Amino acid sequence: MNPDTPLALAGERVFKGIPASPGFAHGRVFIHHSVDEAPPVYPISAEEIPSEIQRLEAALIETRNQILEVQERISNAIGAKDAAIFDAHLLVVDDTTILDEVRRAISADKLNVEEIYSRVAHRFIVQFSQFDDPYLRERAVDIQDVTRRVMRNLLGRGRQTPTNKTPAIILAVNLAPSDTASFQRDKILGFATEEGSATSHAAIMSRSLGIPAVVGLRDVLRFIHAGDQVLLDGTEGLLILAPSAETLAEYERREKIRDQIESGLEALRDTESATLDGRKIQLSANIECPEDVPSVKEHGARGVGLLRTEFLFMREGVLPGEEEQYAFYREIVEGIAPDPVIIRTLDIGGDKLFRGIGPQREDNPFLGWRAIRFCLEETALFKTQLRAILRASAHGPASLMYPMISGIEELRAANAILEVCKEELREEKHSFNEGIEIGAMIEIPSAALCAPLIAREVRFFSVGTNDLIQYTIAVDRLNERVAALYAPTHPAVLRLLRLIVEAAHEAGIWAGVCGEAAGDVILTPLFVGLGYDELSTAPASVPRVKRAVQSLDQETCRNLIEEVSSFDTSDAIFNRCLSLAKSAYPELL
Ligand code: PEP
Ligand code: MG
């Protein structure tokens with residue numbers, strides 16, 4: 001792309017992309033390169049053997065430190081007993097049988113350490129997994145977990161963070177969920193990507209962190225290099241290289257105004273989320289990890305409407321076992337109590353890929369082996385997660401929901417596995433909430449159309465608009481080339497949203513929205529008018545949505561629905577919502 005110059009002052013260059021998360025950031029660029037997941041194999045010379053062994057030692061030290069860090073975190077959160085599982089991992093890191101063999105094989109075969117380590121470890125994993133003794137079989141899982149960590153460290157894929165201690169603006173071609181999951185969150189000032197759309201994971205994560213993001217900045221990496229000073233404007237979708245003093249001063253002024261509005265919204269924290277005529281609408285937060293818990297409280301969300309669990313899997317780079325998952329969910333449930341937490345089971349697949357498990361490459365990943373489809377086949381992995389969630393439900397109000405339900409069969413199959421887990425836990429005398437509520441995400445048109453059937457067998461619906469929109473209009477949610485077609489106010493989407501909430505209420509259950517649309521205050525009148533009971537959004541968006549809800553009344557919103565139901569274009573519906581939003585809460589727009 002040619003840098004857009006009309007706005008640029010002397011010496012600066014302005015690039016235009018798609019705004020993905022509002023706000024401004026000024027700082028240095030950190031270029032993130034997505035890593036190729038296949039480990040390399042290459043010969044080494046006799047002189048290189050000592051340095052190859054040194055690389056192994058360094059990776060082992062790093063692995064040991066990472067395990068100790070996770071152990072300490074879990075121990076602080078819920079106690080040393082639950083963190084003891086990591087002692088087994090530490091033993092594997094230092095296991096002399098494995099290490100001696102790796103050292104010997106490097107010298108004998110003269111191949112790089114990644115190849116040798118994974119080969120030796122794999123042999124041990126196979127051996128242990130064939131033992132009859134369940135204790136020894138469990139060790140195979142430990143070796144597998146540790147191997148993944150060691151391999152990531154060998155390949156320089158430990159936790160990715162801007163290189164020095166200063167927070168930076170991350171610039172990348174694209175950021176997969178596995179990339180963002182590995183960033184240290186307090187080192188990120190903002191995200192800028194060449195590809196991607198407003199519902200890609202980096203965008204969702206930035207909104208949840210309350211930091212700016214701009215996506216779809218085509219070819220920007222040809223002009224911007226690591227360490228360059230840039231200004232990121234997530235509100236307008238701009239990236240400004242070498243911003244001038246005047247530009248910086250202008251942004252400081254805008255930042256002050258933004259701060260004033262934000263601090264006005266802070267006062268809403270303890271107020272009720274109800275319309276002018278008194279209809280309560282539950283506002284909850286979408287989160288990914290225990291670190292997000294304080295932000296839920298700070299922004300006045302009443303609970304967690306969507307805990308995306310796949311990030312626990314991607315963050316550590318290893319498959320978490322039952323104890324680690326239990327500790328993770330429990331920390332969140334206890335942190336959010338007495339408010340509720342809705343834990344979504346694993347939604348792997350689509351763009352959320354994880355090395356070693358799940359689909360690796362598919363022609364149509366969003367239509368492929370994803371989420372509940374994957375879990376219903378990988379029952380051992382699914383059971384581990386369900387058991388961990390059930391056990392966490394003993395510590396506070398937690399419910400569970402399944403992603404990507406396309407029809408009643410999947411729901412029943414998942415519930416059958418859940419019953420097996422409950423029975424096992426009863427026998428093992430583990431406590432859990434017998435009455436845990438089960439919900440279905442409605443994010444596939446077939447589920448929306450069958451909502452009356454599904455509603456009879458769940459306690460709630462949560463609408464995943466990110467996927468519902470992509471599947472209804474057949475618009476890839478990640479592809480910036482078709483981003484303009486991605487329309488939450490498409491008449492077809494509106495019809496489905498109406499069908500879903502009516503089916504829920506008819507069956508006496510509640511319905512919420514947890515896709516990104518729930519955080520867009522232009523759409524709040526639509527959700528209020530349709531009668532949704534809950535909106536779950538990035539914690540930082542909660543105060544704005546609360547202000548919007550408090551400024552609306554049901555009758556006006558219901559009339560809006562009646563009016564726009566006859567409109568034939570997305571734009572017409574959008575503009576009508578916008579004009580209502582502008583008249584009710586101009587300060588938010
Ligand atoms: C959705 O699809 O709207 C949703 C909330 O889930 P995800 O974005 O994780 O697919
Ligand atoms: Mg989804």
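Derivation of every value follows stated rules applied to the coordinates shown; laboratory data play no part. What you see is a predicted model, and the numbers here were worked out from it, not measured in a lab. Counting neighbours? That spans all protein chains shown, and the Cβs are built from the backbone with ideal geometry, glycine included.
Only sites in a loop by DSSP and with at most 14 other Cβ atoms within 10 Å count here; which trypsin sites (Lys or Arg not before Pro) in the stretch 393-462 make the cut? Mind dumping the intermediate values first?
Numbers: sites: R412, K422, R426, K429, R456, R459; in loops: K429, R456, R459.
Those satisfying the criteria are K429, R456.
Starting from the Cα gyration tensor of the stretch 46-154, take the square roots of the eigenvalues, sort them a ≥ b ≥ c, and report rounded, prolate or oblate (rounded when a/c is under 1.5, otherwise prolate if a/b is larger than b/c, else oblate). Please report the intermediate quantities before stating the final value.
On the way: a/c = 3.07, a/b = 1.45, b/c = 2.11.
It comes out oblate by the Cα gyration axes.
Viscosity 1.306 mPa s, temperature 10 °C: Stokes-Einstein D of the stretch 267-588 from its Kirkwood Cα radius, in µm² per second? Intermediate results must be reported in sequence, preceding the final value.
Numbers: Rh = 20.0 Å.
Translational D for this selection: 79 µm²/s.
Hey, what did the chain get for relative contact order, percent, Cα under 8 Å, at least 6 apart? Numbers along the way, then the final one.
Working: 1146 pairs, mean separation 85.3, N = 589.
Once divided by the residue count of the chain, the mean separation gives 14 percent.
Could you grab the relative contact order for the stretch 46-154? Cα pairs under 8 Å, six or more apart, rounded to a whole percent. Write out the running numbers ahead of the final one.
Values: 92 pairs, mean separation 35.1, N = 109.
Rounded, it is 32 percent for the stretch 46-154.
Rounding to the nearest 20 debye, state how big the charge dipole of the chain is about its Cα centre with +1 on each Lys and Arg Cβ and -1 on each Asp and Glu Cβ.
Details: 62 positive and 88 negative charges, 103 e Å.
Rounded to the nearest 20 debye, it is 500 debye.
Sorted by packing (mean other beta-carbon atoms within 10 Å per residue), highest first, where do 185-197, 287-299 land? Let's see the in-between values first.
Values: 185-197: 23.2, 287-299: 19.2.
My ranking of the peptides, most packed first, is 185-197, 287-299.
Any of K383/K429; K256/K352; K280/K422 with alpha carbons more than 27 Å apart? Name them for me.
Working: K383/K429 17 Å; K256/K352 37 Å; K280/K422 34 Å.
Checking Cα-Cα distances, K256/K352; K280/K422 exceed 27 Å.
Grab the other residues whose beta carbon is less than 12 angstrom from that of I98, score K and R as +1, D and E as -1, and report the net. All intermediate terms of the calculation are to be shown ahead of the outcome.
Numbers: positive: R103, R104, R119, R123, R139; negative: D94, D95, D100, E101, D142.
That sum, taken over residues with Cβ under 12 Å, equals 0.
Please label the shape of the chain as rounded, prolate or oblate, based on the square roots a ≥ b ≥ c of the eigenvalues of the alpha-carbon gyration tensor (a/c under 1.5 means rounded; beyond that, a/b larger than b/c means prolate, else oblate). Numbers along the way, then the final one.
Numbers: a/c = 1.96, a/b = 1.27, b/c = 1.54.
Oblate, since a/c reaches 1.5 and b/c is not below a/b.
Can you tell which of Y486, T569, M401 lies farthest toward the positive end of the dipole of the chain, using +1 and -1 charges on the Cβ of basic and acidic side chains (Lys, Arg; Asp, Glu)?
Farthest along the dipole direction, towards plus: T569.
Mind giving me the nanometre distance, one decimal, between the label points for Q229 and Q127, set 7 Å out from Cα along Cα→Cβ?
If labels sit at Q229 and Q127, their model points lie 5.9 nm apart.
List the relative contact order of the stretch 504-589 as a percent without decimals, with contacts defined as Cα pairs under 8 Å and 6+ residues apart. Numbers along the way, then the final one.
Numbers: 92 pairs, mean separation 27.8, N = 86.
Relative contact order for the stretch 504-589 comes out at 32 percent.
Would you work out the charge dipole size for the stretch 46-154 about its Cα centre, treating the Cβ of every Lys and Arg as +1 and the Cβ of every Asp and Glu as -1, and quote it to the nearest 20 debye?
Working: 14 positive and 21 negative charges, 37 e Å.
Here the stretch 46-154 has a charge dipole of around 180 debye.
Before rounding to the nearest 500, sum -39500 (n - 2.57) across all DSSP H runs of length at least 4 in the chain and divide by the residue total; then give [θ] at 222 nm in deg cm²/dmol. Walk me through the numbers on the way to the answer.
On the way: 23 runs with 277 residues, N = 589.
About -14500 deg cm²/dmol.
What does the C-alpha gyration tensor say about the overall shape of the stretch 357-456? Classify as rounded when a/c is under 1.5, otherwise prolate if a/b is larger than b/c, or oblate.
Oblate, because a/c is 1.5 or more while a/b does not exceed b/c.
How large is ³J(HN,Hα), in whole Hz, for each residue of the stretch 295-302 in order, when computed from phi with the Karplus curve 6.51 cos²θ - 1.76 cosθ + 1.60 and θ = phi - 60°, using x for Gly and Pro?
Rounded to whole hertz, the list is 5, 4, 5, 4, 8, x, 6, 9.
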